[in-house]
Structure formats: C-alpha cells, structure tokens
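Enquirer: Quick one: the structure is below, and I'll ask about it shortly.
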Amino acid sequence: MYLDIKKLILPIALLAISGCTQPQQLGVNAFPSKLNRKSLNSSSMLSIINNFRATNKICRGATRPLIWDKNLENVAIEHSMDMAVHQKLTHIGSNTNFDATAMKFKLNHGSSAVERVAYSGYHTYPKMPMAENITSNSSKDEKESLLRALKAFASDAPHCKILIDPRYSDIGAAYAVGKDGKKYWTFDFAAPPKTQ
C-alpha cells in the first residue's frame, strides 16, 4: 500500500482539531479511506515478497509462503506514515498524532512494534511471535523499491533471519513517501498463537 504524506496531513490535522474520536481499532482506520494507491497492491506485494523469499540466493531457508494480514498491513501503514512524516527510520513511534497507537491507547511514549501489533486486533498477545523490518530508499518505481528493501534485508543477518523465519505465517507491509522523496517501508511479520 502507498501513502502520499502531502495528501494526508491536512485530513489528519482536521480530524485532530475537530475532536473526532478514534474508531475501536487503531487510528489508522481514521485515515481517509481513499488513499492514493499506485501499482503495488497487497496481492502484488505478497507475490513479490513470497517469490523473493523462495528464490533469492543470499538469504535462504524460507519453507512456506506468507499470508497477507489486513491488521498487520494497517500496522505497517501507521508506522510507515509516522516514519515518513518525521523522515526518520526507527522502530519506535514518534508519540505524536502520527503514532496512532500511542495516541489512542495513551501510552505516554512512542509505540513499539509489539504494541502496534498487539493493539491492532491481530490475534492474541502476548503469546504470538512477531518481528518488524524497516528500511527506506529513494527508488522512484514501487516494485524496484520493494525489491531493494528485500535485498537490503537479505544482505543483513538479523533482517534475513526475520525474513525467512519459519515461525511467521502472516505479513503486512506498506510504505509512505516523505518530503525527502524516500519511501519508508515497514514489514510486520507474525503468527497467531498455537491452539493447545
């Protein structure tokens, strides 16, 4: 999913000024429903990610394809937006209006990846395994940007381990473009708790 920061700042500011309450789930649902999407939708992103995991020669070991999860996608949208607005690559949310989890749940600190996923409605916390990979790049083309992100993860041992970890069954990913022209990517990986 693609977000154009310039088109979202005013509507989000108006929501904050008008005192609208957040919906039950994450504040990402308060973002305008008509987002400026480009050619990469969730289905095409999932296909590229799963193909990369299965065929890349740098970071091997993925045994099964991932499944797209809308809650994880919403988490990735929120965090990519937050990073793009602040032009800062970090796993910790900004604790501003763009850190919807911190605002909605009054965390009094920037949200962590675990908190964003836990509060998103994604299955049951704390028994779930989860991880987050983030990166940014200046590729103009969406597909090229996604592939650059995946190659960056594959060439770094801790990120590679997350990318191919068999514990994760679900993924959500998104990017947002900052004023600096960079695409800020978030990939959230998780798996529902095992039923006993």
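Enquirer: Which count do you get for residues in the stretch 90-125 that are at positive phi and either open to solvent by 70 Å² or more (accessible area, probe 1.4 Å) or polar (S, T, N, Q) (or both)?
Expert: Total meeting the criteria: 4.
Enquirer: A further question follows. Which of the residues spanning the stretch 92-132 are closer than 19 Å to Ala191 by Cα and free of Cβ contacts under 8 Å to residues at least 60 places away in the same chain?
Expert: Ser112, Val114, Glu115, Ala118, Tyr125, Pro126, Ala131, Glu132
Enquirer: Please identify the pairs in which a residue from the stretch 48-66 that is touching a residue at least 12 places away in the same chain (Cβ under 8 Å) has its Cβ atom under 9 Å from the Cβ atom of a residue that is part of a loop (DSSP other than H, G, I, E, B) and among the acidic types (Asp, Glu), counting only partners at least 6 apart or on another chain.
Expert: Filtered contacts from the stretch 48-66: Cys59/Asp156; Gly61/Asp165; Ala62/Asp165.
Enquirer: Considering only the stretch 147-196, how many residues are open to solvent by 10 Å² or more (accessible area, probe 1.4 Å), out of contact with any Cys (no Cβ under 8 Å at 6 or more places or on another chain) and either of a type in the set (S, T, N, Q) or under 13 Å from Asn137 (Cβ atoms) (or both)?
Expert: Selection size over the stretch 147-196: 12.
Enquirer: Same structure again: Taking only the stretch 65-89 into account, find how many residues are part of a loop (DSSP other than H, G, I, E, B) and open to solvent by 40 Å² or more (accessible area, probe 1.4 Å).
Expert: 4
Enquirer: A follow-up question, please. Those residues that are open to solvent by 10 Å² or more (accessible area, probe 1.4 Å) and either over 16 Å from Lys182 (Cα atoms) or in contact with a Leu (Cβ under 8 Å, 6 or more places away or on another chain) (or both), I need them from the stretch 132-141; list them, please.
Expert: Those that are open to solvent by 10 Å² or more (accessible area, probe 1.4 Å) and either over 16 Å from Lys182 (Cα atoms) or in contact with a Leu (Cβ under 8 Å, 6 or more places away or on another chain) (or both): Glu132, Ile134, Thr135, Ser136.
Condition check ((1) of a type in the set (A, V, I, L, M, F, W, C); (2) touching a Leu at 6+ places or on another chain (Cβ under 8 Å); (3) within 16 Å of Thr135 (Cβ to Cβ)) across all residues:
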residue	(1), (2), (3)
Asn74	no, yes, no
Ser80	no, yes, yes
Met83	yes, yes, yes
Gln87	no, no, yes
Thr101	no, yes, no
His109	no, no, no
Val114	yes, no, no
Tyr122	no, yes, no
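The values are calculated or read from the model by the stated rules, or taken from the named source; none is laboratory data. Just so it is clear, the model here is predicted, and its values are computed rather than measured. Note that each Cβ is placed from the backbone with ideal geometry, even for glycine, and that neighbours are counted across all protein chains shown. SASA here: full protein model, heavy atoms, side chains in, ligands and nucleic acids out. Shrake-Rupley method; radii C 1.70, N 1.55, O 1.52, S 1.80 Å.
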